[in-house]
Amino acid sequence: MSYKEKREKAVLSEEEVQNYLDNELPKWKISGKWIARKYKTGGWKSTLMVINTVGHLSESAWHHPDIEASYAFVVVKLMTHGYKGITLKDIQLAKKIEEVVSWQPGLDDTSELEGTPNEDPKFTYIKYD
């Protein structure tokens, strides 16, 4: 199979992508040839922690996002660059990023981990939506 045929087979249709987002990643959106998610943070330190978390997960997966950052938000954009489209690699990495960045241990009644005290702005980490 040629590279072109392999690429054409791997790139998901917009309908397939939307189906994955609707069913597995409802906070992610299609943005051109990308899937994207904006994470609101409590400030610069939290923004850097999100960027480093996404960086670690991406490097471990050997699949690299584009990241936009500001004082209180991070936008993660995924596309399989070599294929110039969205593939299952992007969906799987988005799911892992979502799982880790959106984790709220304080909501789990069985955990001894209490989570970040979001009532006090100086401790706010992620502004969970």
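Checking each residue in segment 69-80 for being of a type outside the set (Gly, Ala, Ser) and surrounded by fewer than 13 Cβ atoms within 10 Å (Cβ to Cβ) picks out only Tyr71.
When each of Val76, Val54 is tested for being at pLDDT 95 or above, touching a Pro at 6+ places or on another chain (Cβ under 9 Å) and assigned to a strand (DSSP E or B), the lone residue that passes is Val76.
For segment 3-23, filtered to residues that are assigned to a helix (DSSP H, G or I) and open to solvent by less than 80 Å² (accessible area, probe 1.4 Å), the residue that is modelled with the lowest pLDDT is Arg7. Every condition in (1) surrounded by fewer than 18 Cβ atoms within 10 Å (Cβ to Cβ); (2) at pLDDT below 95 is met by Thr41 except one, and the failing one is (1).
The values are calculated or read from the model by the stated rules, or taken from the named source; none is laboratory data. The structure presented is a predicted model; accordingly, all values stated were derived computationally and were not measured. Every residue, glycine among them, receives a Cβ derived from its backbone with ideal geometry; neighbour counts consider all protein chains shown. In case anyone asks, the SASA skips ligands and DNA or RNA and just uses the protein heavy atoms, side chains included. Shrake-Rupley method; radii C 1.70, N 1.55, O 1.52, S 1.80 Å.
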